[in-house]
Amino acid sequence: MGLTSALNTALFGISYNQKQIDVTASNIANADTVGYSTKSVEANVFFDGQGNVSGILSSEVKRSVDESIQSSYFASLSETNYASQISTFTTRLDDLFGTIDDGSGLNALMTDFSTGLSSLVNDPSSYAAQQEVVAAADNLARQLNSSYESINELRENADTLLIGQTEDVNQLLQSIQDIDEKIQEARVANNSVADLLDQRDRYVEQLSGYLDVEVTEESNGMLQIKSHTGQQLLANNQASVLSFSPTNYFQPGEPGNSVLVTTPGGTTFDLISGSESGSLVALAEVRDEVLVQAQSQLDTIAAELSLAMSNVPVEGVETTVGADEGFVLDVSALQAGNTVSLTYTDSAGDTQNVTFVAVSDATLLPLDDSATARADDTVYGIDISSGTPATYVTQMIAALAATDLQVTDDGSGNLQVLGDVGAPASVSSLTASVTPTADTDQGLGLSIFVDQRDGKELFTDALEDGGQRVGFAQSIAVNSALTADSSLLVYYETTPETNSPNDSSRAEYLLEQLSQAGTTFDPDAGIGNAATPYEGTLMTYVNQVVAYQGNQASDAATYAQAKETLTTNLAVRYEESYSVNVDAEMAFLIELENAYAANARVMQAVNELFDVLLNTV
């Protein structure tokens with residue numbers, strides 16, 4: 001190696017060592033800086049034809065980041081934040097419903113109501129016992145009201161959080177766009193982009209908590225970010241814009257506004273439906289599904305409670321025409337939401353169940369089988385807007401025309417259903433469930449509860465206007481007539497004479513309806529399913545709802561903890577892949593200083609040799 005070559009090697013060595021020293025010193029200085037990754041210098045050395053170092057083509061600053069772990073960690077953030085939001089809200093929801101044993105939940109108030117009715121059965125004439133029932137009913141109605149409103153407040157809270165998080169995502173997308181521009185400018189100027197890449201990673205990390213995004217680096221080094229379904233959030237260094245309009249009022253059973261995205265090209269899409277996880281998705285799901293389902297459970301409790309107290313059965317009267325037997329049913333008392341139930345055995349020997357549901361709005365027809373909670377019935381809607389029973393019967397005759405039954409009007413506007421011994425087919429039962437319009441002389445049922453949305457009106461479970469039970473828990477109230485006269489809990493008959501004040505018949509009926517009568521509950525509220533809806537008493541259903549909320553909160557907390565553990569482990573591994581090892585960097589700095597000194601000595605030696613040569617000449 002000649003002196004010139006030795007001098008070049010030492011000169012390039014000093015230059016390279018100085019850059020390494022600068023980078024290493026920066027590593028040590030930023031060891032505690034969040035998100036700072038360990039940097040190193042990679043040199044591309046140029047050799048001449050004799051193998052001597054003649055220059056350095058490039059010396060690029062590289063980051064120490066395990067991209068595989070980084071990708072897994074970022075992906076886990078959306079799932080963890082999703083699970084955390086769900087757990088937070090389901091825990092708050094569970095607190096609202098209470099627990100089966102805490103004595104303050106809905107089930108405890110239902111027990112108080114049942115206890116009050118039991119006391120009334122034992123002493124019907126007692127004013128104190130009557131007042132106890134009225135007070136228990138009022139407490140129950142108010143608890144349903146307040147629980148519904150509290151859930152509405154949770155929905156509003158989720159909506160408010162969506163406002164802030166939507167703005168956060170907009171800022172993060174804009175920050176990534178800005179940092180990509182700086183990266184491109186630095187590369188053009190042949191400056192290091194390592195620190196800018198660290199900063200960009202922090203933005204992507206934060207973004208990943210809000211949404212399950214797909215992030216790829218384009219050939220020009222800029223990022224492309226898409227939603228889970230591949231819709232554009234950032235491309236060609238142009239960020240899309242998210243928009244969210246706060247939901248002014250939450251209609252019962254209706255979702256709130258969604259988060260929309262407008263791309264630079266003007267295309268708009270729904271971000272929530274295009275994503276599967278992340279805190280944004282969780283907030284929308286909580287607001288529009290979890291909390292709405294909880295309100296639906298309250299509505300179901302309120303609706304079935306009201307119907308259990310008020311509705312009375314109208315039994316078909318047995319009749320025989322020739323050899324055929326069946327029933328005649330008076331349908332004149334039907335109101336919208338009331339039902340007629342028919343059970344018969346067809347010619348094949350199979351039991352068939354038919355339910356007719358009364359509606360006053362013919363545009364709702366035809367109804368499908370989901371109009372009732374039962375899984376084993378065929379449902380037909382009948383238009384009662386005419387107010388003429390004969391027209392009701394005509395519609396029921398048409399609906400049953402394809403059966404083996406003989407269905408007719410008995411000549412007085414009553415429904416007559418007979419079997420057919422020739423088929424053979426037989427009728428097992430024909431009944432109606434109707435809501436009395438008066439507090440006496442229409443059976444043992446009593447409208448203890450009313451719907452106060454449009455004044456004090458009877459609750460009949462009408463399907464009109466989206467369904468009367470939707471939002472009913474928000475407006476259920478004790479009948480003002482009962483509040484004014486608690487003796488209505490005892491007096492159910494005034495004609496031909498008033499029943500005895502010691503007659504416990506009505507109290508016994510109400511208690512049986514509450515704690516013993518079985519019913520099928522709407523599976524859309526989350527308890528049971530369409531194929532096997534929950535069947536039981538009101539008391540057991542309330543316990544099921546309380547238990548459901550408790551289990552939902554527990555499962556969500558367990559899932560959130562599992563996701564948090566996974567993300568924490570990935571975060572540790574990710575940090576280990578890029579964080580600065582101060583001891584190693586200090587040791588390396590000493591090596592670099594020694595190398596720098598060695599190169600300096602070579603340069604000094606070469607300089608001395610050149611002086612000798614020049615002096616010799």
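For the range 467-475, state whether one or more residues are out of contact with any Asp or Glu (no Cβ under 9 Å at 6 or more places or on another chain), of a type in the set (Gly, Ala, Ser) and either part of a helix (DSSP H, G or I) or more than 26 Å from THR345 (Cα to Cα) (or both). No, the range 467-475 has no match at all. Within the range 123-150, the set of residues being over 27 Å from the mean Cα position of the chain (by Cα), touching a residue at least 24 places away in the same chain (Cβ under 8 Å) and in a helix (DSSP H, G or I) comprises TYR127, GLN130, GLN131, VAL133, VAL134, ALA136, ALA137, ASP138, ASN139. When the residues of the range 369-381 are filtered to those that are among the aliphatic types (A, V, I, L, M) and in contact (Cβ under 8 Å) with a residue 40 or more places away in the chain, the one that is nearest to THR520 (Cα to Cα) is ALA373.
In the range 535-550, the residues that are in contact (Cβ under 8 Å) with a residue 24 or more places away in the chain and closer than 17 Å to VAL290 by Cβ form Cβ pairs under 6 Å with partners that are among the aromatic types (Phe, Trp, Tyr) and open to solvent by less than 20 Å² (accessible area, probe 1.4 Å), at six or more places apart or across chains, as follows: VAL546/PHE97; GLN549/PHE97.
Among the listed residues VAL259, VAL241, identify the single one that is among the β-branched types (Val, Ile, Thr), open to solvent by 50 Å² or more (accessible area, probe 1.4 Å) and within 12 Å of THR166 (Cβ to Cβ). Write out each step before concluding.
Numbers: VAL259 fails: open to solvent by 50 Å² or more (accessible area, probe 1.4 Å).
Criteria check complete, one pass: VAL241.
Could we say that PRO264 is touching a residue at least 60 places away in the same chain (Cβ under 8 Å) and either open to solvent by 10 Å² or more (accessible area, probe 1.4 Å) or in contact with a Ser or Thr (Cβ under 8 Å, 6 or more places away or on another chain) (or both) here?
Details: touching a residue at least 60 places away in the same chain (Cβ under 8 Å): no; either open to solvent by 10 Å² or more (accessible area, probe 1.4 Å) or in contact with a Ser or Thr (Cβ under 8 Å, 6 or more places away or on another chain) (or both): yes.
So PRO264 does not fit the description; no.
Against the definition (hydrophobic (A, V, I, L, M, F, W, C), outside any loop (DSSP other than H, G, I, E, B), without any contact (Cβ under 8 Å) to a residue 60 or more places away in the chain and in contact with a strand residue (DSSP E or B) (Cβ under 6 Å, 6 or more places away or on another chain)), how does PHE356 come out, yes or no?
Values: hydrophobic (A, V, I, L, M, F, W, C): yes; outside any loop (DSSP other than H, G, I, E, B): yes; without any contact (Cβ under 8 Å) to a residue 60 or more places away in the chain: yes; in contact with a strand residue (DSSP E or B) (Cβ under 6 Å, 6 or more places away or on another chain): yes.
Considered against the rule, which asks whether it is hydrophobic (A, V, I, L, M, F, W, C), outside any loop (DSSP other than H, G, I, E, B), without any contact (Cβ under 8 Å) to a residue 60 or more places away in the chain and in contact with a strand residue (DSSP E or B) (Cβ under 6 Å, 6 or more places away or on another chain), PHE356 comes out as yes.
Screening the candidates SER480, SER426 for the property of being out of contact with any helix residue (DSSP H, G or I) (no Cβ under 6 Å at 6 or more places or on another chain), surrounded by fewer than 22 Cβ atoms within 10 Å (Cβ to Cβ) and within 30 Å of ALA348 (Cβ to Cβ) yields one hit, SER426.
Scanning the range 495-515 for residues that are surrounded by fewer than 16 Cβ atoms within 10 Å (Cβ to Cβ) and within 15 Å of SER306 (Cα to Cα) returns a single hit, GLU512.
Rundown of residues vs (1) open to solvent by less than 20 Å² (accessible area, probe 1.4 Å); (2) part of a helix (DSSP H, G or I); (3) among the basic types (Lys, Arg), yes/no style:
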position	(1), (2), (3)
LEU162	yes, yes, no
ASN170	no, yes, no
LEU173	yes, yes, no
ILE176	yes, yes, no
LYS182	no, yes, yes
ASN191	no, no, no
LEU197	no, yes, no
ARG200	yes, yes, yes
GLU205	no, yes, no
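Any chance the range 388-400 includes a residue that's closer than 28 Å to PHE521 by Cα, under 42 Å from the mean Cα position of the chain (by Cα) and open to solvent by 30 Å² or more (accessible area, probe 1.4 Å)? Yes, the conditions are met somewhere in the range 388-400.
When the residues of the range 435-460 are filtered to those that are of a type in the set (Asp, Glu) and in contact with an Asp or Glu (Cβ under 9 Å, 6 or more places away or on another chain), the one that is nearest to ASP299 (Cα to Cα) is ASP451. Checked against the criterion of being assigned to a strand (DSSP E or B) and on the phi < 0 side of the Ramachandran plot, the candidates PHE269, PHE250 yield just one match: PHE269. Pairs are defined by a Cβ separation below 6 Å, a sequence spacing of at least 6 or placement on different chains, a first member in the range 553-570 that is aromatic (Phe, Trp, Tyr), and a second member that is buried (at least 17 other Cβ atoms within 10 Å of the Cβ) and part of a helix (DSSP H, G or I); the pairs so defined are TYR559/ALA83.
Report whether or not LEU234 is under 22 Å from THR267 (Cα atoms) and assigned to a strand (DSSP E or B).
yes
The set of residues from the range 396-408 being in a helix (DSSP H, G or I), over 12 Å from VAL331 (Cα atoms) and touching a residue at least 12 places away in the same chain (Cβ under 8 Å) comprises ILE397, ALA399. In the set (1) at pLDDT 95 or above; (2) part of a loop (DSSP other than H, G, I, E, B); (3) more than 24 Å from THR339 (Cα to Cα); (4) in contact with an Asp or Glu (Cβ under 7 Å, 6 or more places away or on another chain), LEU488 fails one condition alone, (2). Within the range 442-454, how many residues turn out to be open to solvent by 40 Å² or more (accessible area, probe 1.4 Å) and in contact with a helix residue (DSSP H, G or I) (Cβ under 8 Å, 6 or more places away or on another chain)? Count: 3. Residue count for the range 455-477 satisfying the condition of being on the phi > 0 side of the Ramachandran plot and open to solvent by 50 Å² or more (accessible area, probe 1.4 Å): 2. When restricted to residues that are of a type in the set (S, T, N, Q), touching a Ser or Thr at 6+ places or on another chain (Cβ under 8 Å) and free of Cβ contacts under 8 Å to residues at least 60 places away in the same chain, the range 496-521 contains 2. Within the range 377-394, is there a residue that is more than 14 Å from ALA462 (Cα to Cα), assigned to a loop (DSSP other than H, G, I, E, B) and charged (D, E, K, R)? Scanning the range 377-394 turns up no residue that is more than 14 Å from ALA462 (Cα to Cα), assigned to a loop (DSSP other than H, G, I, E, B) and charged (D, E, K, R).
Residues satisfying the criterion are present in the range 539-553 (criterion: modelled with pLDDT of 95 or more, open to solvent by less than 60 Å² (accessible area, probe 1.4 Å) and in contact with a Ser or Thr (Cβ under 6 Å, 6 or more places away or on another chain)).
Every residue in the range 268-322 that is open to solvent by less than 10 Å² (accessible area, probe 1.4 Å), of a type in the set (Gly, Ala, Ser) and out of contact with any Ser or Thr (no Cβ under 9 Å at 6 or more places or on another chain), please. Once the filter is applied, which keeps residues that are open to solvent by less than 10 Å² (accessible area, probe 1.4 Å), of a type in the set (Gly, Ala, Ser) and out of contact with any Ser or Thr (no Cβ under 9 Å at 6 or more places or on another chain), the range 268-322 yields only ALA303. Pick out the one residue from GLY164, GLY209 that is closer than 26 Å to VAL290 by Cβ and free of Cβ contacts under 8 Å to residues at least 12 places away in the same chain. Every option except GLY164 fails the conditions.
The values are calculated or read from the model by the stated rules, or taken from the named source; none is laboratory data. Because the structure is predicted, anything quoted here is derived from the model rather than measured. Cβ atoms come from the backbone with ideal geometry, glycine included; neighbour counts cover every protein chain shown. For accessibility, only protein heavy atoms count, side chains too; no ligands or nucleic acids. Shrake-Rupley method; radii C 1.70, N 1.55, O 1.52, S 1.80 Å.
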